[in-house]
Amino acid sequence: MTGAEIVVRCLQAEGVAYVFGYPGGAVLNIYDEIYKQDQFKHVLVRHEQAAVHAADAYARATGRVGVALVTSGPGATNAITGIATAYMDSIPLVVLTGQVPTAAIGMDAFQEVDTVGISRPCVKHNFLVKDVRELASTIKKAFYIAATGRPGPVVVDIPKDVTQQSCPFEYPAEIRMRSYNPTYRGHAGQIRRAVQMLLEAKRPMIYTGGGVILGDAAEQVTELTRLLGFPVTNTLMGLGGYPAPDPLFLGMLGMHGTFEANMAMQHCDVLLAVGARFDDRVIGNPKHFAKEARRIIHIDVDPSSISKRVKVDVPIVGDVAQVLDEIIRQIKAGSERPDQAALKAWWAQIELWRSQDCLKYERSETVIKPQYVIEKLYEVTGGDAYVTSDVGQHQMWAAQYYPFNKPRRWINSGGLGTMGVGLPYAMGVQLAFPEAKVVCVTGEGSIQMNIQELSTCMQEKLPIKIVLLNNRYLGMVRQWQEFFYEERYAESYVDALPDFVKLAEAYGHVGMTIERPQDVEPALRDAFGKYKDRLVFMNFVTDPHENVYPMIPAGKGLSEMILV
Amino acid sequence: MRHIISLLMENESGALSRVAGLFSARGYNIESLSVAPTEDPTLSRMTIVTRGSDDVIEQITKQLNKLIDVVKVQDLTEGGHIERELMLVKVRASGEHREEMKRMSDIFRGRIIDVTDKTYTIELTGTVSKLNAFLGALESDAILEVVRTGASGIGRGDRIMRV
C-alpha cells in the first residue's frame with residue numbers, strides 16, 4: 001500500500017468525518033487517494049488558515065480531533081496562525097502537511113519550508129515522517145497525543161516520496177509511549193484537603209475555564225456548585241461550563257468581566273480553580289491579586305499550569321471531571337456542610353455588588369447599540385445557537401450579552417486572539433451540526449481577514465448567519481486609544497469599507513444592511529425564518545462610540561475596574 | 001540559584017532543538033548544556049545548567065516534562081550529586097613560561113595532551129568552579145584557546161535516573 005493510501009486509511013480508521021484542506025504539489029498523491037474514497041468528506045477552503053480554523057472549530061464543538069491537510073511551503077506557513085490559535089486554547093488537532101521529497105529537504109527546493117522547525121513553538125508535538133513504514137504509527141501517535149492529557153495541535157509533515165513508497169499497512173490498535181503518560185487521577189490526599197477546605201470556606205468562589213469545556217466537566221461543575229450553593233464564574237474560554245441564567249452564576253470574570261465576578265474573585269477566602277490558568281486577561285496583575293489572602297485549590301490536567309502565575313495551596317493534577325466526581329462523592333458521603341450563616345453574609349455582599357448592574361448600557365431609539373443586537377440575537381435564537389466570534393469589541397459583547405446554557409456553544413479564540421477566525425469557525429461548527437443555528441458575530445475588521453471563505457460556504461451550502469457589528473472602527477483598538485492614548489485614533493478608523501450586501505450577494509448569499517434599532521429584530525427573524533437555509537450576512541450599522549464595560553486596564557488589579 | 005537539571009529523552013532528530021527552543025521561548029537562561037546518547041542508543045542524556053528563582057526552576061522542570069520526547073527530568077541540585085566538566089586549554093609554553101605551565105597543570109591535576117615547542121594543550125576535568133579557578137590562575141595573555149564541554153551531572157550513591 002502506498003504512503004498516500006496509508007494516510008487515507010489511517011484517517012478512516014480514526015473515524016474522521018471531515019478533512020479541511022487545500023491541495024498542492026506535495027500532497028497530490030494524498031488528494032488522489034481522497035478522490036477514490038467516500039468515507040470522509042474533504043472540505044475545500046479558500047485559504048489554508050481557514051482550513052485549520054474550521055478543523056479547530058469542529059473539534060471545539062464536537063470534542064473530537066479536527067483534521068486539516070495542506071501542502072508544503074506556503075500551505076504550511078499559511079496554516080501556522082490556525083495552529084497557534086488552536087495551541088493557545090488547547091484544541092485537539094491533527095494537521096497533515098506535505099513536504100518536498102526527502103532527497104530535496106535542505107536543498108531550498110520549490111515550496112520547501114522547515115515545517116517542523118517553524119511550527120515547533122506552537123504545537124503540542126510534531127513529526128517529520130522519513131520512512132513510509134513509520135507513517136501509520138506516527139499518525140496514530142499524532143491522534144493520541146492531540147486528544148489526550150491537555151489537548152493540542154499535532155503536525156505530521158509528510159515528504160512527497162513517502163506518499164509514493166509502499167509498505168504493508170497495519171494500523172496500531174493502541175499506542176504506548178514511555179515519554180508521554182498524562183495524569184488523570186487526582187492525588188487522593190490532595191482531594192481530601194480540597195474537600196475540607198471547601199467545607200471550611202466562609203467566602204468561597206468557584207472559577208472555571210476552558211479546561212472544563214475540553215474535559216467535558218460542565219455537569220460536574222454544575223452539580224458541585226449547586227451542592228454547595230457557592231458562587232461561580234467562568235472565564236471567556238469557560239462560558240457554558242455553568243448555565244449562565246442561573247442565579248449562582250456571577251457572569252464572566254476578567255478584563256471585561258462583571259463587577260460581581262471580579263470583586264468576588266478578589267475577596268473570596270477559598271478559591272476553587274478548575275481548568276483555568278489565572279492568565280493576564282483574567283486576574284490582571286498577579287501582585288494586586290495576591291494582596292488579599294485566600295487559599296487556592298487548583299485542578300488542572302497540565303501540571304505546568306499550576307503555580308505558574310499564582311501560588312496555589314492545593315494543587316491537583318488530573319482529569320477535571322474525574323477529580324470533581326471524587327470531590328462530589330466525598331462531600332455527599334460526609335455530613336459536614338459549609339457554614340450557612342457565613343455563606344449567607346457572603347451572598348449578601350455579592351448581591352450588593354451585583355446590584356451595580358454593571359452591564360447596563362444607554363439604550364437608543366435612533367442608533368443601533370451593539371449590545372442590543374446580541375440581546376435580540378439571544379431572544380430570536382432562544383439561547384440555543386452555536387455562536388462563533390472574531391476578536392475585538394463584538395467578541396466581548398457576545399460573551400457578555402449572550403448567556404450560554406451549555407458547553408461547546410461558544411467558539412472563539414481566547415488565547416491567541418486571532419482576528420479572522422469567526423467565519424471559518426462557523427463553517428466547522430455548521431458542518432458538524434448541519435441542523436443547528438450557527439451564528440458568527442464579527443466586526444468589519446475581523447470579517448475581512450477571512451472574507452474569502454464566503455465562497456467555501458456557498459460550495460458547502462452552509463446556512464451560517466453572520467452578525468456584523470459594523471462601527472467603522474477597529475473598535476477595541478479605538479477604545480484603548482480613547483482611554484489610554486488621549487483619543488489619538490491612529491489607524492483605527494476603517495475607511496473605504498466594501499458594500500457588504502453586494503459582497504454577500506456576489507458570493508451568492510443573502511445580504512442585509514440594518515441601520516435602525518427597530519429593524520434589528522425583524523432582520524434576525526428573517527435570517528432564521530425566511531432565509532433559514534441560506535447564508536445571511538447582516539450588516540448592522542452600530543454606534544461607533546460604544547465601549548466595552550466594565551474594563552480592567554492592562555496591568556491593573558481585579559478591583560480596579562472602569563465602570564460605565 | 002544555580003541548578004543542574006538532568007534529562008533523559010528520546011534520541012530523535014530535533015529533540016535538542018525542542019529543549020533549546022523551550023528555553024529561549026520562555027526566557028529561561030542556559031549556562032551550559034551538554035548532550036549525548038546513553039548506553040541505550042534510543043535515549044539521550046542531557047545536563048542543563050541554569051539559574052532562576054524556585055518558581056522559575058519549578059516551571060522549567062514542569063515545562064521540560066511536558067515535552068513529548070522527554071522521558072525523565074531531575075533537578076540534581078535537590079540532592080547529593082556530582083558534576084564534572086571537561087576543558088581543553090591551549091597555552092603559550094615558551095621560554096621561562098614552559099616549566100611554569102607544566103607546574104600549574106600538575107597543581108590542578110591537568111594532563112598535557114599535545115606539545116609543540118611553543119604551546120601545550122592541557123586537559124582538565126572538574127567542577128565548573130575548579131576550571132574557572134585554573135583559568136584565573138593563568139596569565140590571560142598565556143591563554144591561546146579554550147574549549148569547554150559544559151557540565152555533566154549525576155546523582156550520588158543510590159540516586160539513579162534511568163527508564
Original post:
Does segment B:42-77 hold any residues that are outside any strand (DSSP E or B) and under 18 Å from the mean Cα position of the chain (by Cα), and which are they?
Top reply: B:Gly52, B:Leu76, B:Thr77
Original post:
Of the residues that make up segment A:358-380, is at least one over 30 Å from A:Val541 (Cα atoms), surrounded by fewer than 12 Cβ atoms within 10 Å (Cβ to Cβ) and modelled with pLDDT of 95 or more?
Top reply: no
Original post:
From the set of residues in segment A:289-312 that are under 23 Å from A:Ile552 (Cβ atoms) and among the β-branched types (Val, Ile, Thr), which is farthest from the other protein chains (Cβ to nearest Cβ)?
Top reply: A:Ile296
**OP:** Scan segment A:534-558 for residues that are aliphatic (A, V, I, L, M), outside any strand (DSSP E or B) and buried (at least 18 other Cβ atoms within 10 Å of the Cβ) and report the count.
**Re:** 4
Original post:
Quick one: would you say A:Ile552 is in contact with a Leu (Cβ under 9 Å, 6 or more places away or on another chain) and either of a type in the set (A, V, I, L, M) or closer than 28 Å to A:Val282 by Cβ (or both)?
Top reply: yes
**OP:** Could you run through segment B:18-31 and say how many residues are of a type in the set (Ser, Thr, Tyr) and more than 14 Å from chain A (Cβ to nearest Cβ)?
**Re:** 0
Subject >> Per-region count, segment B:142-160, residues on the phi > 0 side of the Ramachandran plot and either under 19 Å from the mean Cα position of the chain (by Cα) or surrounded by 13 or more Cβ atoms within 10 Å (Cβ to Cβ) (or both) >> reply: 1
Original post:
Inside segment B:20-41, can you point out the residues that are crowded, with 17+ Cβ neighbours inside 10 Å and either under 16 Å from the mean Cα position of the chain (by Cα) or assigned to a loop (DSSP other than H, G, I, E, B) (or both)?
Top reply: B:Tyr28, B:Leu33, B:Ser34, B:Val35
Original post:
Quick check, is A:Gly117 within 14 Å of another protein chain (Cβ to nearest Cβ), closer than 15 Å to A:Ala79 by Cβ and of a type in the set (Gly, Ala, Ser)?
Top reply: yes
**OP:** Could you tell me which of the residues A:Gly75, A:Gly117 is in a helix (DSSP H, G or I), of a type outside the set (Lys, Arg) and closer than 15 Å to A:Ile30 by Cβ?
**Re:** A:Gly75
**OP:** Filter segment B:47-56 down to residues that are within 22 Å of B:Arg148 (Cβ to Cβ) and surrounded by fewer than 17 Cβ atoms within 10 Å (Cβ to Cβ) and give me whichever is farthest from the other protein chains (Cβ to nearest Cβ).
**Re:** B:Arg51
Subject >> strands (runs of 3 or more DSSP E) enclosed by segment A:181-253 - at least 2 residues per element that are surrounded by 17 or more Cβ atoms within 10 Å (Cβ to Cβ) and free of Cβ contacts under 8 Å to residues at least 60 places away in the same chain >> reply: A:232-234
Subject >> Considering residues of segment A:172-183 that are among the hydrophobic types (A, V, I, L, M, F, W, C) and under 29 Å from the mean Cα position of the chain (by Cα) only, the residue nearest to the other protein chains (Cβ to nearest Cβ) >> reply: A:Met177
Subject >> Qualifying strands (runs of 3 or more DSSP E) (wholly inside segment A:259-326; at least 3 residues being among the β-branched types (Val, Ile, Thr) and in contact with a strand residue (DSSP E or B) (Cβ under 9 Å, 6 or more places away or on another chain)) >> reply: A:295-300, A:314-317
**OP:** Might you check whether a residue that is in contact (Cβ under 8 Å) with a residue 60 or more places away in the chain and more than 14 Å from chain A (Cβ to nearest Cβ) occurs anywhere in segment B:57-70?
**Re:** no
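This table checks each residue for (1) touching a residue at least 40 places away in the same chain (Cβ under 8 Å); (2) under 20 Å from A:Gly257 (Cβ atoms).
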{"residue": "A:Ser304", "(1), (2)": "no, no"}
{"residue": "A:Pro315", "(1), (2)": "yes, no"}
{"residue": "A:Asp325", "(1), (2)": "yes, no"}
{"residue": "A:Arg337", "(1), (2)": "yes, no"}
{"residue": "A:Ala348", "(1), (2)": "no, no"}
{"residue": "A:Cys358", "(1), (2)": "yes, yes"}
{"residue": "A:Arg363", "(1), (2)": "no, no"}
{"residue": "A:Thr366", "(1), (2)": "yes, no"}
{"residue": "A:Pro370", "(1), (2)": "yes, yes"}
**OP:** Scan segment A:463-481 and give yes if some residue there is more than 23 Å from A:Thr418 (Cα to Cα) and in contact (Cβ under 8 Å) with a residue 40 or more places away in the chain, otherwise no.
**Re:** yes
Original post:
Taking A:Gln452, is it in contact (Cβ under 8 Å) with a residue 40 or more places away in the chain and over 18 Å from A:Gly422 (Cα atoms)?
Top reply: no
**OP:** Could you please give the count of residues in segment A:491-543 that are at pLDDT below 95 and among the hydrophobic types (A, V, I, L, M, F, W, C)?
**Re:** 2
Subject >> Leading residue by the ranking (surrounded by the fewest Cβ atoms within 10 Å (Cβ to Cβ)) among those in segment A:149-171 that are more than 11 Å from every other protein chain (Cβ to nearest Cβ) and closer than 24 Å to A:Tyr184 by Cβ >> reply: A:Pro151
Original post:
Among the residues of segment A:17-40, is any out of contact with any helix residue (DSSP H, G or I) (no Cβ under 9 Å at 6 or more places or on another chain), of a type in the set (Gly, Ala, Ser) and either more than 23 Å from A:Gly415 (Cα to Cα) or free of Cβ contacts under 8 Å to residues at least 60 places away in the same chain (or both)?
Top reply: no
Original post:
In segment A:120-139, what residues are within 14 Å of chain B (Cβ to nearest Cβ), in a helix (DSSP H, G or I) and over 24 Å from the mean Cα position of the chain (by Cα)?
Top reply: A:Glu134, A:Ser137, A:Thr138
Subject >> Positions within segment A:139-188 being under 16 Å from A:Cys10 (Cα atoms), of a type in the set (Val, Ile, Thr) and out of contact with any helix residue (DSSP H, G or I) (no Cβ under 9 Å at 6 or more places or on another chain), in sequence order >> reply: A:Ile145
Original post:
Just one of A:Ala86, A:Ala55 is in contact with a Pro (Cβ under 8 Å, 6 or more places away or on another chain) and crowded, with 21+ Cβ neighbours inside 10 Å; which is it?
Top reply: A:Ala86
Subject >> Residue identified as closer than 30 Å to A:Asp114 by Cα, more than 12 Å from chain A (Cβ to nearest Cβ) and in contact (Cβ under 8 Å) with a residue 12 or more places away in the chain among B:Ser34, B:Ser94, B:Ser44, B:Ser105 >> reply: B:Ser34
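The values are calculated or read from the model by the stated rules, or taken from the named source; none is laboratory data. Every value quoted in this text rests on a predicted model; they were computed, and no experiment measured them. We place every Cβ from the backbone using ideal geometry, glycine too, and count neighbours over all the protein chains shown.
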